[in-house]
Amino acid sequence: MFVELHAQSAFSFLEGAELPETLVAEAARLDMHALALVDRDGLYGAPRFHRAATAAGLTPIIGSEVTLDDGSRLPLLVEDRTGYRNLSRLLTRMKLAAPKGQAALALADLERHTDGLVCLTDPGRQVSHIFTSMFLHGSWMHLIGNMWFLWIFGDNIEDSMGRVRYAVFYLLCGVAAALAQVVLNPASGVPMVGASGAISGVMGAYLILFPRVRVFCLIFLGFFITSIALPGPEPSTDPVTTVPWPARFSCCASVTSRWLSGSEMLVDGGVSGMITTASVARASGCPLTARKPPAPNPVSSMW
């Protein structure tokens, strides 16, 4: 049985979003028998959390994620009254020793107050997670949404590149998007799952390889549903460097709808796909645009 040992409530400003009562209700809905609350550098939500968990029949585990003087964090869980007393002393000591908002705990202080406390450690980020995260999804709708866009754009890119190069290209775009996410937001506590970065790279390649193809969009306006065909571009004398605005808008329509789904790696993946496609095509001496543009897909984007 899975038990969440690193939950943070809205009392952890900019890190947690839900109140302790909401976290308890969700844990009860998922049939968890216990839940740990580790708000950052404090026990702010502990009373409300304990009261709600007890009423819901869950075992409340009190704790806190303590910031050390080197910037790292240690989630500390309370085992008994001694542990609660030691955790309270540690939090008080670190708050009194620094201005507000700059509290940090020295490792030497922690070593003197470890009785009754359990420290959760992270084995470290594994390189393989960059690849495996592309094959994980948060829900069926997440998976269906990714497969929807991959079905629309992916087959044309695979026909143009070939199966092997397309598979390598897909993985490279996913890795590039994941690395860009880590560089741009290294302190993010949000799990990075899904293939949105890789699929956005495919969409970027579609924009480069097929700049003159119309894209049909299905638009929901309240109770009204209609479809439009984005206008075809004017002839261009330089297909390598000139991407007409209708093609840009076609891709942007799909990117916008995917952005609304909550993904954070779309721009990274799209840019990676465009750069990789252009680089490979120029290095191999192949024309950047496909000789036979694909037939327009019936539906490409949904609002």
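For Met94, the conditions (1) assigned to a helix (DSSP H, G or I); (2) modelled with pLDDT of 90 or more; (3) under 22 Å from Val118 (Cβ atoms) are fulfilled apart from (2). Contact list please: Cβ distance under 8 Å, first residue in segment 170-182 and touching a residue at least 40 places away in the same chain (Cβ under 8 Å), second residue among the charged types (D, E, K, R), pairs at least six apart or on different chains. Note: pairs meeting the criteria are Ala176/Asp268; Ala177/Asp268; Ala180/Asp268; Gln181/Glu264; Gln181/Asp268. Scan segment 96-120 for residues that are within 19 Å of Tyr84 (Cα to Cα) and free of Cβ contacts under 8 Å to residues at least 40 places away in the same chain and the total you get is 13.
Residues considered: Ala34, Ala25, Ala52, Ala10. Of these, the only one that is more than 16 Å from His113 (Cα to Cα), crowded, with 21+ Cβ neighbours inside 10 Å and of a type in the set (Gly, Ala, Ser) is Ala52. The condition of being touching a Ser or Thr at 6+ places or on another chain (Cβ under 7 Å), in contact (Cβ under 8 Å) with a residue 12 or more places away in the chain and not in a loop (DSSP other than H, G, I, E, B) holds for only one of Met192, Met203, that being Met203. With respect to Thr67, determine if the residue is touching an Asp or Glu at 6+ places or on another chain (Cβ under 8 Å) and touching a residue at least 12 places away in the same chain (Cβ under 8 Å). For Thr67, the condition - touching an Asp or Glu at 6+ places or on another chain (Cβ under 8 Å) and touching a residue at least 12 places away in the same chain (Cβ under 8 Å) - is met. Residues in segment 84-98 that are among the small types (Gly, Ala, Ser) and under 14 Å from Ala46 (Cα atoms): Ser88 only. Summed over segment 13-22, the residues that are crowded, with 16+ Cβ neighbours inside 10 Å, of a type outside the set (D, E, K, R) and either assigned to a loop (DSSP other than H, G, I, E, B) or free of Cβ contacts under 8 Å to residues at least 24 places away in the same chain (or both) give a count of 2.
The values are calculated or read from the model by the stated rules, or taken from the named source; none is laboratory data. Small disclaimer: the values here were computed from a predicted structure and weren't measured. As a convention, Cβ positions derive from the backbone with ideal geometry for all residues, glycine included, and neighbour counts pool all protein chains shown.
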